[in-house]
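For reference, the structure is listed below as structure tokens.
The values are calculated or read from the model by the stated rules, or taken from the named source; none is laboratory data. Because the structure is a prediction, the values reported are computed rather than measured. Cβ sites come from the backbone with ideal geometry, for glycine too, and all protein chains shown count toward neighbours. We work out accessible area using only protein heavy atoms, side chains counted, and drop any ligands, DNA or RNA first. Shrake-Rupley method; radii C 1.70, N 1.55, O 1.52, S 1.80 Å.
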Amino acid sequence: NPCAVLLTFNHAISDQSSANLVMDEILMDVADIESTGSIINEGILNKMPHSLEENVLGTGQNWAGIGPGGISFGTLKYVAGKAAEGLKNPVILPDDDSTNSKADPFAAITTITGRAAGGESATAGERRSTLQFRTLDANATSKLLQKCRDNGVTMTNALSAAVVLSSTDFIADGAVSTKQRNYKVLQSLDMRRFGEEPDKCESVSCQAGSMDLMLGPLLDYSGEALRLRGGDEAMTQFWKLAKEGKDQTRDFIESDGPKHAVRVFDFAMTIADLNNLVHLTAKSESSKGRAYSAGISNVGVYERQKAVKRDGDRSDGRDTLKATHGRYKIEDVFFATSHAKSGCLYQVSCMTVNGEMKFTFHPASPIVGEYTNKRFADAFMDLIQVIAGEKDAGSDSLVLKESVGGDAPTSPLPANSLSLLAFSGGLYGIGVHASAWQQFIASVQFMRDTVPATDFWAAINFWIFFAVGHPLLQPILWISDVLHGTPGPKIADLVPALFLLGNAAAIYLVSNFKEIRNAVNIAAASAFISYVGAGLDGSAGLGDFNLQLDDDFQGTVVKGCPSYEDVRQPSMEKFDLKKYQGKWYEHKFHDWTQFKEVYDTTLDIKLTEDGKGWIDDFGVKGPAPKSAILSWDKSPVANGAHYFMVGRVDEKDPPGLLRESGFGVEFPNYIVDVKTDPETGEYKEAIQFQCLERGGVRVFEGINFMSRSPVMTDEELTAMHARAEKAGMYPFGASPEQMHRVARRGVDVPDNDVDNTWQAMWRAIGVDKLLELLTESIEDGGR
């Protein structure tokens, strides 16, 4: 009687080759037992197979074994090539699901910061695989194979072309369209065949891998044109696509692509919480977890795969799988890997059994609905039958396009010219700061290897928050100055009409011209990466954006944080924390949690009633007049804003050492030196030093020069530098060239003196009340 076997596998052994081994061994053993009462030739017990990294890279050659030493020029070239794929802007969602369905370079940045790009999709948890099964009979399969041989390609190459052309029929959702689009295809590839220690595949294991194909540009409904009309031109296009897939596969293998791909993946798995990044990508509203236009997985011929090794097999080989064992015959084998959370828009998996090709179509619903998947499967099967010569073009083929529409606007610029220019600028920006990036990665890796994951990620997320915040602030300030510097009449005395017209023109160009949209996205991403790189090597400003971990001083790398006793000065003898309370004016800082664009910075320090905690009310205004000449007084925080750092006083610590908490981490805040008024005994100047390290790696250092007076002379600040140098703080950022001087508008300028139509608008929508509420809630939380 017919029966079905359903197998599910953990990801560690998830490829279909493993399932084939299991099925064949079970059927052979059952057939033996039924015919003889016992298993004739027992399967030989195998050792645990090597990991994919060990097979491809060699034992001990992964990131944990050799670290950055395994990164070659070829690896960097591979990474650059993957980044350059973004220039082609492959489609990842159908038009009915997203009007801007292209990959967004900012999505990666958003994800790295711990958020889903475009917000979280409301239907992410509802996505499920939707399935369709089809069979190409033995005669048609044989004809298709011969066509592939005649054209010098493999069956997989032909299937890659077929899945792409079929995708062109569905990407516009039946609407009028003459768009040309590029497609990114996930093509399965057995990586273990190309390694230093190739696996013999004698046991279940993850023998799978993949590579990306970039195909196009292709007109919407190209597949339908071939199915309905056929002709030499359409056939030529099909085999040209198949040959392009073959060429890309060959180039990937000959350039050691499998090694570079595995090394980059191993690096990402080691240094990042890749599972969480995949989870965030899956929840993304922008991509809905889609990273590829389509995917093809072709296992090949079932009966050609080697079976498990058994007693009695020749020493030089193993038998192959059999579709028939005793009275058991395998009629169909359909397989699929889930793409519900993340993966391809359209996915096809297939295998040949008994001469017939068995296809599974398994995209994620509701992105691709059950009805659409059925039509996709029918269109795909029609296409390959036409290609094989099994049926004539136009006979019983689906018609998907409503009608022929007009051309979309086209750019007068050569294809990808602006994008290539922007990308070249980005590569230059990365190259200029390459040594700083290398030092940063090595420090992160060392920290990852030496501290618990929770401590590691708390520190890294703290770093990322401010590393991202600084470069994002720059375009905001620039756009704000452009807004308020635009001439002409204003709408509601707020926004110049010419500014709105300019924005409308910019939005039109970006929305309608892919070349311009690509160039803008790439330029923005490149500028962001370059700006962070400048922070790593200190060229973006040592005072407020010196991002490097364990950065150097005068050519020597200074590691970790000093102890309090290393920097504590004699002035701290008999230090009284109660006298330290009150308002301080900050005059200089070395601190990337602050921004050089703010001014009139103050710190109001208060102890809690029990003396075991303290609150630092950090007051700022911004941006400073010199940072945004035309727009500083239009800012919602032009009259000030507050945020709070809270901490604790540990009775075991020496006086002057406070414990500060904020942004998910705790670190010591050293009061290094105070200057006392000889008449009143009150503290009139102070030097603070915060330092955060994890696993011996210094993640952050903050230095503040503060006074009870809003005014300090150059001579007084020079004297503070001298005291900081004596304390040994110059290597950590206290020298004059490493500190930023806080701007002040003047002693006689009252608070809340800025008033104009923009400030009236902020008050009207309640921004001032929101800031007050936020201030009170944070302060209450710190008590």
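Using a probe of 1.4 angstrom, how much of the accessible area of the chain is carbon and sulfur, in percent?
56 percent
Quick one: accessible area per residue over the chain, 1.4 Å probe, rounded to a whole number of Å²?
Heavy-atom accessible area per residue stands at 47 Å².
Among 685-696, 421-432, 80-91, what's the highest-first ranking by average C-beta atoms within 10 angstrom per residue?
685-696, 80-91, 421-432
So which cysteines in the chain don't have a second cysteine's C-beta under 4.7 Å from them?
CYS3, CYS148, CYS201, CYS206, CYS344, CYS350
When the dipole is taken about the Cα centre of the chain, and only Lys, Arg (+1) and Asp, Glu (-1) are charged at their Cβ, what size is it in debye, to the nearest 20? Walk me through the numbers before you get to the answer.
On the way: 77 positive and 104 negative charges, 333 e Å.
Taking the Cα centre of the chain as origin, the dipole is about 1600 debye.
So if R0 is 45 Å, what FRET efficiency would ASN461 and ILE40 give, r being the distance between their Cβ atoms, rounded to the nearest 0.05?
Values: r = 59 Å, r/R0 = 1.32.
Taking R0 as 45 Å, the efficiency between ASN461 and ILE40 is 0.15.
Which entries of LYS184/LYS283; LYS243/LYS514; LYS374/LYS514; LYS559/LYS626; LYS246/LYS329 show an alpha-carbon separation above 29 angstrom in the structure shown?
LYS374/LYS514; LYS559/LYS626; LYS246/LYS329
Quick check: pseudo-label points 7 Å beyond the Cα along Cα→Cβ at THR556 and GLN581, how many nm apart are they?
4.3 nm
Roughly how many nanometres apart are two label points built 7 Å out from the Cα toward the Cβ at LEU131 and GLU85?
Here the answer is 2.8 nm between the modelled labels.
Taking all protein chains together and a probe of 1.4 Å, list TRP758, TRP457, TRP614 from the most accessible to the least accessible.
On the way: TRP758 30, TRP457 60, TRP614 5 Å².
Sorted descending by solvent-accessible area, the residues read TRP457, TRP758, TRP614.
Using the Karplus curve 6.51 cos²θ - 1.76 cosθ + 1.60 with θ = phi - 60°, work out ³J(HN,Hα) for each residue of region 729-742 in order, rounded to whole Hz, and write x for Gly and Pro.
Running phi through 6.51 cos²θ - 1.76 cosθ + 1.60 with θ = phi - 60° gives 9, 4, x, 9, x, 9, 6, x, 6, 9, 10, 9, 8, 6 Hz.
So, with +1 on the Cβ of K and R and -1 on the Cβ of D and E, and no other charges, what is the size of the charge dipole of region 233-328 about its Cα centre, to the nearest 20 debye?
400 debye
Among 551-557, 700-706, what's the highest-first ranking by average C-beta atoms within 10 angstrom per residue?
Ranked from most to least packed, the peptides come out as 700-706, 551-557.
Using the Cα gyration tensor of region 1-55, with a ≥ b ≥ c the square roots of its eigenvalues, what is the shape: rounded (a/c below 1.5), prolate (a/b larger than b/c) or oblate (neither)?
Working: a/c = 4.21, a/b = 1.55, b/c = 2.72.
In terms of gyration-tensor shape, oblate.
Please sort 41-51, 219-229 by packing, taking for each peptide the average over its residues of neighbouring beta carbons within 10 angstrom, highest first.
Numbers: 41-51: 13.4, 219-229: 22.5.
Going from most to least packed, we get 219-229, 41-51.
Give the calculated FRET efficiency between GLU682 and LEU277 to the nearest 0.05, with a Förster radius of 45 Å applied to their Cβ-Cβ distance.
With a Förster radius of 45 Å, E is 0.30.
With a 1.4 Å probe and all protein chains kept in place, how much accessible area does THR352 have, in Å² rounded to the nearest 10?
Accessible surface of THR352 is approximately 20 Å².
Probe radius 1.4 Å, ligands and nucleic acids left out: which of ASP251, ASP576, ASP591, ASP600 has the largest accessible area, and how do the rest follow?
ASP251, ASP576, ASP600, ASP591
If amide hydrogens are placed 1.01 Å from N in the peptide plane, which non-local residues have theirs closer than 5 Å to the one on GLY613?
THR608, VAL649
Averaging sequence separations of C-alpha pairs under 8 Å and six or more residues apart, then dividing by the length of region 109-259, give the relative contact order as a whole percent.
27 percent
Which one, [x] 1.05; [y] 0.99; [z] 1.11, gives Rg/Rh (Cα atoms, Kirkwood Rh) as derived from the coordinates shown?
The listed entry that was calculated here is [x].
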